[in-house]
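Below is one structure, written out as structure tokens, with a few remarks after it.
Laboratory data are not the source of any read-out in this text; all were calculated from the coordinates shown. Not measured: the values here are computed from a predicted model. Because the Cβ atoms are built from the backbone with ideal geometry, glycine has one as well, and the counts that use them run over all protein chains shown.
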Amino acid sequence: MGNLIRFEFRKLYQARVFYIGAIILVGIILLMMGVQKLTELGLEGAGLSFSELDVEYDVDSDPGLLAGFAAYTGSGSGRTWLLSALSNMYVPIAFGVFIAVFFCGDFGNHTIRNVITKGYSRVEIFFAKYLVCLTASILYALLGFLTGFGFGTLFWKVGSFEVWPVFRLLAVQLVVIAAFNAFFCFFAALLQKTAGALIVAIAGPLALSMILMIIELIIAANGKEVNISAWWIGRFMTAISYIKAPVKDILRSLFGSLGYIAVFTAGGALVSRNREL
């Protein structure tokens with residue numbers, strides 16, 4: 001198993017898609033920053049002041065447009081961008097595209113049979129690829145944090161920095177990223193086709209969010225209030241992307257992500273064991 005994991009890591013370092021995914025991730029974050037900065041400049045030109053954007057808004061007690069705007073977009077400082085860099089709904093696409101191409105590559109060109117002939121089981125192959133993809137996802141997340149903090153500081157300022165609250169949120173965000181990894185690896189193992197896994201990576205998160213919102217609207221039309229979409233992985237990341245995220249949101253994101261990891265990791269191992277190569 002150790003040799004198999006080392007082999008997968010060697011492939012990772014040589015895979016162009018690994019570096020392309022990193023470029024896409026950084027590009028998405030910088031695009032978000034650019035749009036935000038231009039928006040601020042435009043609003044300031046119209047007479048609206050953003051001099052206090054680094055103030056920590058509480059969206060529950062400050063329901064105004066600018067309060068929510070500053071809380072969720074990560075504007076104003078390197079610290080706030082550090083926390084919100086991965087909260088954009090398009091960021092998971094960079095993770096998913098990499099996993100789809102890297103995980104399914106050996107299945108597409110049938111070189112996976114060479115690994116089987118060396119005595120490795122299908123489950124061992126799944127976990128080797130899973131762990132390498134998880135490592136890459138964590139590296140992507142760290143790159144996103146550094147990009148957000150570095151360019152956020154460059155475009156605005158560092159901002160106030162309380163170590164424990166920031167560390168706690170970033171740690172939970174890494175667990176959310178691990179949940180995304182389990183989700184994408186499951187579908188890659190299930191489909192074993194790069195094209196199908198890419199469709200899931202690109203369209204899946206957006207489609208699921210919309211489906212959950214539609215379900216909520218249907219239920220609400222019948223006089224009941226539910227918040228199913230709050231349990232989607234993407235919503236976990238959004239909920240903990242600002243410094244005053246409520247403890248209940250942090251706990252929901254943490255334990256919900258752990259549940260995703262358990263279900264999709266076990267599911268991926270199961271479908272790998274029962275799937276013919």
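Summary table
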| quantity | calculated |
| --- | --- |
| Principal-axis tilt of helix 194-221 within the chain, Cα atoms, nearest 10 degrees | 50 |
| Long-range HN-HN contacts of Ser160 with modeled amide H, under 5 Å | none |
| Reachable lysines from Lys193, criterion Cα separation under 17 angstrom, eight or more residues apart if same chain | Lys129 |
| J(HN,Hα) series, region 80-91, from Karplus relation 6.51 cos²θ - 1.76 cosθ + 1.60, nearest Hz, glycine and proline x | 6, 6, 4, 7, 10, 4, 9, 8, 5, 5, 8, 4 |
| Loop trypsin sites (Lys or Arg not before Pro), region 101-147 (other Cβ atoms within 10 Å of the site Cβ: 12 or fewer; DSSP) | Lys118 |
| Longest exposed-site-free window of the chain, the sites being GluC sites (Glu not before Pro) in a DSSP loop that have at most 13 other C-beta atoms within 10 Å | 53-161 |
| Answer label for Cα extents along the principal axes in Å (calculated), chosen among (1) 78, 42, 30; (2) 69, 49, 32; (3) 75, 63, 26 | (2) |
| Most mobile listed residue (Leu134, Leu146, Leu212) in the chain, GNM with C-alpha springs under 10 Å | Leu212 |
| GNM result for the chain, Cα springs below 10 Å: residue of Leu25, Leu154, Leu258 fluctuating most strongly | Leu154 |
| Helix 163-191 axis, angle to the chain major axis (alpha carbon atoms, nearest 10°) | 40 |
| Gaussian network model of the chain, springs between alpha carbon atoms under 10 Å - residue of Leu31, Leu206, Leu142 with greatest fluctuation | Leu31 |
| For the chain, calculated [θ]222 nm from helices alone, where every DSSP H run of n ≥ 4 adds -39500 (n - 2.57) | -26000 deg cm²/dmol |
| Per-residue HN-Hα couplings for region 111-128 [Karplus 6.51, -1.76, 1.60; θ = phi - 60°; Hz; x = Gly/Pro] | 6, 4, 5, 5, 5, 4, 5, 7, x, 7, 7, 5, 5, 5, 5, 4, 5, 5 |
| Cα shape, region 118-253, gyration tensor, a/c 1.5 rule | oblate |
